[in-house]
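Peer 1: Quick one: this structure, given as structure tokens, is what I'll be asking you about.
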Amino acid sequence: MSTTFTIDTATSRANPTPAPRKRLTVPAIRQRKGGGEPLVMLTAYTVRTAQLLDPHCDMLLVGDSLGQVIYGLPSTVPVTLEMMAAHGAAVVRGSYHALVVIDMPFGSYEGSPQQAFDSAALLLKQTGAAAVKLEGGAAMAPTVRFLSERGIPVMGHVGLTPQAVNVLGGYGARGRSDAEAEAIAADATAIAEAGAFALVIEGVVEPIAIRITESVACPTIGIGASARCDGQVLVAEDMLGLFERTARFVKRYDDMAARISDAAERYAAEVRARTFPGPEQIYAAKV
């Protein structure tokens, strides 16, 4: 990768001076395991989105879901390290409180622990993020341990793993059979014991999510799992109602798609009627 990105905290319209806040750390997140206030996590891909979400979140995830949400790709598989680095740097610049975690894209870590280290080190150095997230179960446990022992905090991801959609055959819920449920539970245990500081559990039947949450030492972050996980994560654009089609586990807290469409319609009407720009938006000549 030849492109480099400068970590810059300069003030601009897209990066206003923040109120002083101390950013959360990996140990602080790990200590939130069990019983206390659940962890709040949302995805973010841009400076402005990060600014708006940061005051309300404990963690911001620069998810490889940006492939679909930002670039219109059919899955997360084509996402590159360059994409993740660019968007990760933007989110770090726009946030001052939440711990920023970056997804490692497909093909950047599966080959070997050393490949994973090289990719993760590149992402953290070029963005200023605090941790990486990778998908996979017991087979990835040696890689999680390798990274953790070398100073790279890792968030795991088990259950429905979108990067493996071609193997899984779709995005349906996982763990419906006893054999699959046992395999997911074993995967979660292996990743947690390898040193993951937190664990995303996606798209599994609720009893499995509860069982994992009660058995592993690190916090669990549910998405289509259970309210009894130690925290929750959603794709922000899904939660905001920017897409008409979402997964069953998404709750839409707004209908931003309709609001944006309405604003664009009103703008277009004023332009065509020559009522925009009006006197307030025009620079008068000096007298």
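Peer 1: Among residues other than R176 whose Cβ falls under 15 Å from its Cβ, what is the net charge (Lys/Arg +1, Asp/Glu -1)?
Peer 2: Value of the local net charge: -2.
Peer 1: Report, to the nearest 10°, how far helix 81-93 tilts away from the longest principal axis of the Cα atoms in the chain, using its own Cα long axis and a range of 0 to 90°.
Peer 2: Here the helix axis deviates by roughly 70 degrees.
Peer 1: Only loop residues by DSSP count here, and only those with at most 12 other Cβ atoms within 10 Å; note down the trypsin sites (Lys or Arg not before Pro) in segment 30-137 that meet that.
Peer 2: Counting only loop positions with at most 12 other Cβ atoms within 10 Å, none of the trypsin sites (Lys or Arg not before Pro) in segment 30-137 qualifies.
Peer 1: Now, a different point. So who's got an amide H within less than 5 Å of the one on K133, skipping anything under 5 residues away but keeping other chains? H placed 1.01 Å off N, in plane.
Peer 2: Counting only residues 5 or more places away or on other chains, the set is I102, D103, M104, M155.
Peer 1: Next up: Considering only V92, V144, V271, give the residue with the highest GNM mean-square fluctuation for the chain, with springs between Cα atoms whenever their separation is below 10 Å.
Peer 2: For the chain, modelled as a Gaussian network with Cα springs under 10 Å, the answer is V271.
Peer 1: Dipole of segment 85-192, Cα-centred, from +1 at each Lys and Arg C-beta and -1 at each Asp and Glu C-beta, to the nearest 20 debye?
Peer 2: With Lys and Arg at +1 and Asp and Glu at -1, about 380 debye.
Peer 1: Residues with beta-carbon under 12 Å from that of I70, excluding I70: net charge, scoring Lys, Arg +1 and Asp, Glu -1?
Peer 2: Once all neighbours under 12 Å are counted, the net charge is -2.
Peer 1: A follow-up question, please. First check a/c for segment 176-262, with a ≥ b ≥ c the square roots of the eigenvalues of its C-alpha gyration tensor; if it is under 1.5, answer rounded, and if not, answer prolate when a/b is larger than b/c or oblate otherwise.
Peer 2: prolate
Peer 1: Over the chain, with a Gaussian network built from C-alpha contacts below 10 Å, which listed residue (I29, I212, I260) shows the highest mean-square fluctuation?
Peer 2: Maximum fluctuation in the GNM of the chain, among the listed residues, is at I260.
Peer 1: Pick from A139, A129, A90: which residue has the top mean-square fluctuation in a GNM of the chain where Cα pairs under 10 Å get a spring?
Peer 2: Comparing A139, A129, A90 in a Gaussian network model of the chain, the most mobile one is A139.
Peer 1: Tell me, what are the semi-axes, in whole angstrom and largest first, of the equivalent ellipsoid of segment 73-216 as set by the roots of 5 times the Cα gyration tensor eigenvalues?
Peer 2: Semi-axis lengths for segment 73-216 are 25, 17, 15 Å.
Peer 1: Pairs of Cα atoms under 8 Å, at least six residues apart: use those to get the relative contact order of the chain, whole percent.
Peer 2: Relative contact order comes out at 16 percent.
Peer 1: If you restrict to DSSP beta bridges whose two residues both lie in the chain, what percentage is antiparallel, to the nearest 5?
Peer 2: If I count the DSSP bridges inside the chain, around 5 percent turn out antiparallel.
Peer 1: Enter the accessible area per residue of segment 81-238 (Å², integer; probe 1.4 Å; all protein chains in place).
Peer 2: Computed with neighbouring chains in place, this is 34 Å² per residue.
Peer 1: Within 13 Å, Cβ to Cβ, of T189, how many net charges do the neighbouring residues add up to if Lys/Arg are +1 and Asp/Glu are -1?
Peer 2: Summing Lys and Arg as +1 and Asp and Glu as -1 gives -3.
Peer 1: From the backbone phi of segment 56-61, what are the Karplus-calculated ³J(HN,Hα) couplings (6.51 cos²θ - 1.76 cosθ + 1.60, θ = phi - 60°) in whole Hz, Gly and Pro given as x?
Peer 2: 9, 10, 7, 9, 10, 9
Peer 1: Oh, and also: Can you list the chymotrypsin sites (Phe, Trp or Tyr not before Pro) in segment 204-287 that are in a DSSP coil and have 14 or fewer other beta carbons within 10 angstrom?
Peer 2: Loop-located and lightly packed - Y253, Y283.
The values are calculated or read from the model by the stated rules, or taken from the named source; none is laboratory data. Since this is a predicted model, take the numbers as computed values, not measurements. Note that each Cβ is placed from the backbone with ideal geometry, even for glycine, and that neighbours are counted across all protein chains shown. The protein model used for the area step is the full one, side chains on, heavy atoms only, and it has no ligands, DNA or RNA in it. Shrake-Rupley method; radii C 1.70, N 1.55, O 1.52, S 1.80 Å.
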